[in-house]
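Structure record follows, encoded as structure tokens.
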Amino acid sequence: MSQLHSTPESEANRCSAHPLREAVGRFEARTSIMGGGLKIRRALPLEQKRLIGPWCFLDHFGPLRLEPNQKGMSVGPHPHIGLQTVTWLIEGEVLHRDSLGYQGVIRPGELNVMTAGRGISHSEESPEGRPDTMHGLQMWVALPEAERRREPAFDHYAEVPTVELSGASAHVFAGSFHGATSPATFYSPIVGIDVEVNASGTHELPVDASFEHGLLVTQGALEVNGHRLEIGGLLAFAPGVSALSVTADEGTRYAVVGGAPFGEPIVLWWNFVARTVEEIEAARDQWNAQDPIFGEVHGFDGPSLEPPTLRPIPEPG
Ligand code: MN
């Protein structure tokens, strides 16, 4: 577990729903590099916090301004198994292409959910004529045992419901929040919202007390249940919390992800979520052998991604 920071790209990470020692945990996102050479903040998995509900990967990229000659995002074809990817933009555009034949641009307010199941591959890039700003969240949800080998699928939603709170608007991209439900299908109890503060002061978010929750600031800074939070930090709340009281200035923006503590330990490596290192090795070998289980991505101008060297960590205990 201790080598997550030093060799983030090659260690197979065993992740389970370690309960927080206290009701609230504060963590710092680490810096990582996204395809295209852009620096991003990775808030999950962290050495001390691997999962929040079924959320097992949480990248915050931007806000950044691209130079006219800069490509922006450029992530060549790569495979996934055992997870769903969730793409949510605050600014900018991303062009997605996948092995099922879907190709399309996502914009702020829209939602992409790709269910990898037994295997899929895709590429992501800044499209031609893109705006010069980029800001968003790229997240993964682990699929539970009964669903993790399902047929792959890709879904684009032109909009998600918005809940108007006193002082804030919450866009519901996963699960249900305050009577509104995301159009996307997920396979374990989950929530994901993007909150825009539109009046300075304090607003209350009613949340499911059976869930654990994580908060991430994407713009500005805030205080939640007495804890200060800025960009780059992650606050995790253990189950038992039924309301988040947020104090922030107008213009602040933050995301909340949560869910029932995920009951299955997972192994996460590169773009794969599995249960054993052997499964990870098998998926890697299939990708390297261009096994049809991952299909083919057409139209991306560049090479497919090659997996790093896998260095499995020992079984815990
Ligand atoms: Mn991907």
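Miscellaneous remarks
- Count of region 92-108 residues which are within 15 Å of the ligand (Cβ to nearest atom) and part of a loop (DSSP other than H, G, I, E, B): 3
- Among the residues of region 242-255, not a single one is in contact with a Phe, Trp or Tyr (Cβ under 7 Å, 6 or more places away or on another chain), touching a residue at least 40 places away in the same chain (Cβ under 8 Å) and among the aliphatic types (A, V, I, L, M).
- In region 253-279, the residues that are more than 16 Å from the ligand (Cβ to nearest atom) and either of a type in the set (Lys, Arg) or outside any strand (DSSP E or B) (or both): 253, 260, 261, 262, 263, 264, 265, 275, 276, 277, 278, 279
- Test: residue in region 289-299 that is of a type in the set (Asp, Glu) and at pLDDT 95 or above: yes
- Test: residue in region 198-210 that is loosely packed, with under 14 Cβ neighbours inside 10 Å, under 22 Å from residue 108 (Cβ atoms) and not charged (D, E, K, R): yes
- The set of residues in region 223-248 that are loosely packed, with under 13 Cβ neighbours inside 10 Å and within 18 Å of residue 170 (Cβ to Cβ) comprises 242, 243, 245.
- Filtering 133, 181, 185, 162 for residues that are in contact with a His (Cβ under 6 Å, 6 or more places away or on another chain), away from the ligand (no atom under 16 Å from the Cβ) and among the polar types (S, T, N, Q) leaves a single hit, 162.
- Qualifying residue in region 51-74 (condition: at pLDDT 95 or above and more than 29 Å from residue 28 (Cα to Cα)): no
- Some residue of region 157-173 being touching a Gly at 6+ places or on another chain (Cβ under 8 Å), under 30 Å from residue 269 (Cβ atoms) and buried (at least 18 other Cβ atoms within 10 Å of the Cβ): yes
- Yes/no for residue 111 being under 23 Å from residue 303 (Cβ atoms), out of contact with any Leu (no Cβ under 8 Å at 6 or more places or on another chain), modelled with pLDDT of 95 or more and within 16 Å of the ligand (Cβ to nearest atom): no
- Filtered by the rule that a residue be more than 13 Å from the ligand (Cβ to nearest atom) and under 17 Å from the mean Cα position of the chain (by Cα), region 62-91 gives 62, 63, 88, 89, 90, 91.
Rundown of residues vs (1) out of contact with any Leu (no Cβ under 8 Å at 6 or more places or on another chain); (2) free of Cβ contacts under 8 Å to residues at least 24 places away in the same chain, yes/no style:
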residue: 128; (1), (2): yes, yes
residue: 144; (1), (2): yes, no
residue: 157; (1), (2): no, no
residue: 162; (1), (2): yes, yes
residue: 184; (1), (2): no, no
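- In this structure, residue 118 does not satisfy being more than 19 Å from residue 37 (Cβ to Cβ), within 12 Å of the ligand (Cβ to nearest atom) and touching a residue at least 40 places away in the same chain (Cβ under 8 Å).
- Identity of the residue in region 33-49, assigned to a loop (DSSP other than H, G, I, E, B) and free of Cβ contacts under 8 Å to residues at least 60 places away in the same chain, that ends up surrounded by the fewest Cβ atoms within 10 Å (Cβ to Cβ): 37
- For region 146-159, the count of residues that are within 14 Å of the ligand (Cβ to nearest atom), assigned to a strand (DSSP E or B) and either among the small types (Gly, Ala, Ser) or more than 30 Å from residue 204 (Cβ to Cβ) (or both) is nonzero.
- Positions within region 280-305 being within 16 Å of the ligand (Cβ to nearest atom), surrounded by 14 or more Cβ atoms within 10 Å (Cβ to Cβ) and among the small types (Gly, Ala, Ser), in sequence order: 283, 295, 304
The values are calculated or read from the model by the stated rules, or taken from the named source; none is laboratory data. None of the values given here were measured: they were computed from a predicted structure. Note: ideal-geometry Cβ built from the backbone for every residue, glycine included; neighbour counts use all protein chains shown.
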